[in-house]
Amino acid sequence: MPLSKEEIDDIVINAQKQEAVGNVDEAVRLLKDALIEIELYISYVDGEEKLLMQQHHSNIQFRLEALQAAHAPIQPTFENYPSVPQGDTNNPMDDAYYQYEGDVINPYKDTPKQKSKPKNSNQSTYPNEERPSARQTGAEEGEKLSFVDKKQCGSCWAFALSEVLSDRFAIAGQDHGDLSPQDLVSCDEYDSGCQGGYLDKSWTWVELNGITTDKCLPYTSGLGMVPKCPSKCKDSSPIVRYKAKNSHQIEASQIQTELYENGPVEFGMAVYIDFMFYRRGVYHPIVPVIVGYHAVKCIGWGVQNHAVVTVDSKGKEIVENRSTEYWLCANSWGKIWGEQGYFKLKRGKDICKVESNAYAGLPVLV
């Protein structure tokens, strides 16, 4: 007989503890054991429970691969930059390593209007232009998404989900304002508050139990403390929660369709060390060292044109015009990070594993 879901989760938690104290080999062994147990569990169940455990298996497989990659021999590569400018070879966080435009971009300013979707469209037939923020198209003009810094709490999973669902409600015509990441941090029994969460489990929780507004339960876990799940709002009014439905992992080829038809999606991503120092431009890892895992909100896509300067063997500078496809995402590290809280991530190559870890659900309208 297979282990219970609780026993499997205990193996994963133990793996995280082993990784935290530097026992990488033991952490890898435990994660592999968890994958075997999940595969056995899946053979005994069907329906929604089987689908949920398959998604759980995918998440743990992602963690295992990221952990192994993080502790593999470091082999830096600069194949996208044939000639590194002098003086920058020891500073891979420098602007010279990023492809960028001259000015910081505000995605809420001069955003292109929504256009009709092409008939029989698929990923290759969408116009290569930046899609508008879902919040902008669904709410009153000028309303902006607030970028609250999650601070010293591993609550990115809660921020990303709450912002995605907030936008999707607004698009559907029921704007409840920002939904509450604190509600998930304090009340979601499937996840671990400031110690992290799973994308699939948190969406399942919201399907079954819902999520309230940020006005009702504002964020208070910035110092890493998780208050008990409250029975009423901050102002003592009753808690009203809003649910999702049909949450699922999105195939890479369907991400643009999902964005176009329903609004933002949640990305799970591996965080490379140079991502911490991102300032602007289209990001892709230069230093292949994974330092953790993260969740962000993807609001659109685009193509950025830029010039790349290389130097030939005779010392002559050569300017090439190139284009880079990207995803436009919102982070949860405050507006001082990146492009006023946003970042662009190279698209189409499963950079940071985002295209194999995209999730979303539909709002339950009332």
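So ALA295 passes all but one of these: (1) closer than 23 Å to ASP178 by Cα; (2) over 16 Å from the mean Cα position of the chain (by Cα). Which condition number does it fail?
It is condition (2) that ALA295 fails.
To keep it simple, each residue is scored yes or no on (1) over 16 Å from the mean Cα position of the chain (by Cα); (2) within 22 Å of TRP203 (Cα to Cα); (3) not hydroxyl-bearing (Ser, Thr, Tyr).
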| site | (1), (2), (3) |
| --- | --- |
| GLU258 | no, yes, yes |
| GLY263 | no, yes, yes |
| PRO285 | no, no, yes |
| ASN305 | yes, no, yes |
| ILE318 | yes, no, yes |
| GLN340 | yes, no, yes |
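Looking at ILE250, is it assigned by TED's automatic domain parsing to the domain that holds GLY338, surrounded by 18 or more Cβ atoms within 10 Å (Cβ to Cβ) and at pLDDT 90 or above? Can you show your working first?
Numbers: assigned by TED's automatic domain parsing to the domain that holds GLY338: yes; surrounded by 18 or more Cβ atoms within 10 Å (Cβ to Cβ): yes; at pLDDT 90 or above: yes.
Against the criterion (assigned by TED's automatic domain parsing to the domain that holds GLY338, surrounded by 18 or more Cβ atoms within 10 Å (Cβ to Cβ) and at pLDDT 90 or above), ILE250 qualifies.
Could you list, in sequence order, the residues of the stretch 316-330 that are in contact (Cβ under 8 Å) with a residue 60 or more places away in the chain and either touching a His at 6+ places or on another chain (Cβ under 9 Å) or not in a strand (DSSP E or B) (or both)? Talk me through it step by step, then tell me what you get.
From the stretch 316-330, those in contact (Cβ under 8 Å) with a residue 60 or more places away in the chain are 322, 324-325, 327-330; that's our starting set.
Within the stretch 316-330, ARG322, THR324 qualify.
Any residue at all in the stretch 282-300 that is part of a strand (DSSP E or B), more than 24 Å from ALA158 (Cα to Cα) and among the β-branched types (Val, Ile, Thr)?
yes
Of everything in the stretch 218-251 that's assigned to a strand (DSSP E or B) and under 16 Å from PHE159 (Cα atoms), which residue is nearest to the chain's Cα centre (by Cα)? If you could, list the steps in order and put the result at the bottom.
The first filter runs over the stretch 218-251 and keeps only residues assigned to a strand (DSSP E or B), leaving 242, 244-250.
Checking the rest, the ones that are also under 16 Å from PHE159 (Cα atoms) come to 242, 244.
Values: TYR242: 22, ALA244: 18 Å.
The extreme case among them is ALA244.
Give the residue that is nearest to GLU49 (Cα to Cα), with candidates limited to residues of the stretch 186-198 that are assigned to a helix (DSSP H, G or I) and at pLDDT 95 or above. Outline the logic, then answer.
First, the residues of the stretch 186-198 that are assigned to a helix (DSSP H, G or I): 186-187, 193-195.
Those still in the list that are at pLDDT 95 or above too: 186-187.
On the way: SER186: 24, CYS187: 22 Å.
Filtering first and then ranking leaves CYS187.
Taking the criterion of being closer than 23 Å to LEU208 by Cα and touching a His at 6+ places or on another chain (Cβ under 7 Å), would at least one residue in the stretch 32-39 satisfy it?
Within the stretch 32-39, the subset closer than 23 Å to LEU208 by Cα is 38.
Then keep just the ones that are touching a His at 6+ places or on another chain (Cβ under 7 Å); that gives 38.
Within the stretch 32-39, one or more residues are closer than 23 Å to LEU208 by Cα and touching a His at 6+ places or on another chain (Cβ under 7 Å).
Does any residue of the stretch 307-315 turn out to be closer than 15 Å to ALA160 by Cβ and touching a residue at least 60 places away in the same chain (Cβ under 8 Å)?
Just the residues of the stretch 307-315 that are closer than 15 Å to ALA160 by Cβ, to begin with: none.
No, every residue in the stretch 307-315 fails to be closer than 15 Å to ALA160 by Cβ and touching a residue at least 60 places away in the same chain (Cβ under 8 Å).
Condition check: touching a Gly at 6+ places or on another chain (Cβ under 7 Å), in contact (Cβ under 8 Å) with a residue 12 or more places away in the chain and part of a loop (DSSP other than H, G, I, E, B). Does LYS215 satisfy that? Let's see the steps before the verdict.
Working: touching a Gly at 6+ places or on another chain (Cβ under 7 Å): yes; in contact (Cβ under 8 Å) with a residue 12 or more places away in the chain: yes; part of a loop (DSSP other than H, G, I, E, B): yes.
When the stated conditions are applied, LYS215 passes them.
Residue check: is GLU266 in contact with a Leu (Cβ under 9 Å, 6 or more places away or on another chain), among the charged types (D, E, K, R) and touching a residue at least 40 places away in the same chain (Cβ under 8 Å)?
Working: in contact with a Leu (Cβ under 9 Å, 6 or more places away or on another chain): yes; among the charged types (D, E, K, R): yes; touching a residue at least 40 places away in the same chain (Cβ under 8 Å): yes.
It is true that GLU266 is in contact with a Leu (Cβ under 9 Å, 6 or more places away or on another chain), among the charged types (D, E, K, R) and touching a residue at least 40 places away in the same chain (Cβ under 8 Å).
Out of curiosity, is LYS346 at pLDDT 90 or above, in the same structural domain as SER155 (by TED's automatic domain parsing) and out of contact with any Gly (no Cβ under 9 Å at 6 or more places or on another chain)? Write out each step before concluding.
Values: at pLDDT 90 or above: yes; in the same structural domain as SER155 (by TED's automatic domain parsing): yes; out of contact with any Gly (no Cβ under 9 Å at 6 or more places or on another chain): yes.
Considered against the rule, which asks whether it is at pLDDT 90 or above, in the same structural domain as SER155 (by TED's automatic domain parsing) and out of contact with any Gly (no Cβ under 9 Å at 6 or more places or on another chain), LYS346 comes out as yes.
Which of the residues spanning the stretch 253-291 are of a type in the set (Ser, Thr, Tyr) and surrounded by 21 or more Cβ atoms within 10 Å (Cβ to Cβ)? Full working, then the answer.
At the first step, the residues of the stretch 253-291 found to be of a type in the set (Ser, Thr, Tyr) are 253, 257, 260, 272, 278, 283.
Correct list: TYR272, TYR283.
The values are calculated or read from the model by the stated rules, or taken from the named source; none is laboratory data. From a predicted model like this one, the values you see are computed outputs, not experimental measurements. Here Cβ is always computed from backbone atoms with ideal geometry, including for glycine, and neighbour counts include all displayed protein chains.
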